[in-house]
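What follows is a set of notes on a single structure, which appears directly below.
Readers should treat all values here as calculations from the given coordinates under stated rules, not as data from a laboratory. Predicted, not measured: the structure shown is a model, and the values here were computed from it. Neighbour counts run over all protein chains shown; Cβ positions are idealised from the backbone, glycine included.
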Amino acid sequence: MTDVVEGSRSKADFWFDPACPFAWVTSRWIGEVEKVRDIETEWHVMSLSVLNEGRELESDYQRAMDENWGPVRVIIAASELHGKEHIKPLYDAMGTLIHNEGIKDRPEVIRRALEQVGLPADLAAYADSDEYDTQLRASHKSGIELVGQDVGTPVVAFNGTAFFGPVMTRVPRGEEAGEIWDASVTLAGYPHFFEIKRTRTERPKAV
C-alpha cells in the first residue's frame with residue numbers, strides 16, 4: 001500500500017459522460033484509489049452524443065444520444081459560469097440519480113442535481129442550448145484524442161499515459177482498488193499495448 005501524503009499527490013485526469021453506467025463505476029473506483037494512492041483527480045466532460053455524431057445508430061440508441069446532450073451541456077455551462085469546481089459535484093449528483101436511483105427523465109435529473117449542489121435552477125435551460133458547445137467539444141476532444149475515436153467513456157490519463165476504462169461492473173474497494181490502478185497504469189504505459197477485452201456478462205452496479 002502507498003501512503004497518501006498531503007502535498008505530494010500526482011494528478012490524474014478523468015473524462016466522463018454522466019449517462020454512461022460503465023464510466024460511473026470507474027469513477028467510483030477512482031474515488032477509492034484516491035484513498036490508497038497518492039493521486040488526485042481532475043474531472044472533465046466528454047460526450048457520447050458528440051462521439052456518435054454522424055454514425056448510423058439504432059433508433060433507441062439515437063434517441064438516447066439525443067437526450068444525453070442535456071446533462072453534459074448543463075455541466076459545461078455550470079463550469080463556464082460558476083467555476084470548474086462544480087464539475088465533480090454535478091457529476092456525482094447526476095450519476096447518483098441516473099445510475100443508483102434509476103431516474104430516466106433527463107430534465108428531472110438536471111433539475112434535482114442543480115438543487116442538490118446549490119446551483120441556480122435556470123442553468124437547466126442550457127440543456128437545450130448550444131451556447132457552450134464549443135467548450136463541450138473542446139473538452140471532449142482533449143480526452144478522446146489521447147486514446148482515439150474507437151473507444152468511449154471513461155478516459156483516464158496519468159503520468160503521460162492514457163487509457164479507456166477500465167470497464168468494470170463492480171467497484172473495487174480499499175487496497176484492491178489500488179492494485180487494479182497500479183496494474184492499469186503499468187499496462188497502459190507499455191507503448192505497444194492496445195487492448196484487452198472479454199465479453200461482459202452482467203450490468204454495472206456501483207452500490
- request: Please find the FRET efficiency linking residue 187 to residue 59, where r is the Cβ-Cβ separation and R0 is fixed at 45 Å, and quote it to the nearest 0.05.
  value: 0.75
query: For residue 145 and residue 203 in one chain, what is 0.36 nm times their gap in residues minus the Cα-Cα distance, to one decimal in nm?
result: 18.1 nm
Calculated [θ] (222 nm, deg cm²/dmol) that DSSP helices of n ≥ 4 give over the chain, each run adding -39,500 (n - 2.57): -14000 deg cm²/dmol
- prompt: Can you work out ³J(HN,Hα) from phi for every residue in the stretch 134-148, in order, using Karplus 6.51 cos²θ - 1.76 cosθ + 1.60 and θ = phi - 60°, giving whole Hz and x for Gly and Pro?
  reply: 4, 5, 4, 5, 5, 5, 4, 4, 5, x, 5, 5, 6, 10, x
message: Run the reach check for residue 197 against lysines, Cα to Cα strictly under 23 Å, same-chain hits fewer than 8 apart removed. What comes back?
response: 205
- request: Under 19 Å Cα to Cα from residue 35, which aspartates and glutamates show up? Leave out anything in the same chain fewer than 8 places away.
  value: 3, 6, 13, 92, 175, 176, 179, 182
- prompt: What range in the chain is the longest one free of GluC sites (Glu not before Pro) that are in a loop by DSSP and have at most 15 other Cβ atoms within 10 angstrom?
  reply: 132-194
- request: Could you list the trypsin sites (Lys or Arg not before Pro) in the stretch 1-91 that lie in coil according to DSSP, counting only those with at most 13 other Cβ atoms within 10 Å of their Cβ?
  value: 55
Distance in nm between pseudo-label sites at residue 137 and residue 81 (7 Å out along the Cβ direction from Cα): 2.2 nm
- request: Taking 7 Å along the Cα-to-C-beta vector as the label spot, tell me the residue 35-residue 170 distance in nanometres, rounded to one decimal.
  value: 1.6 nm
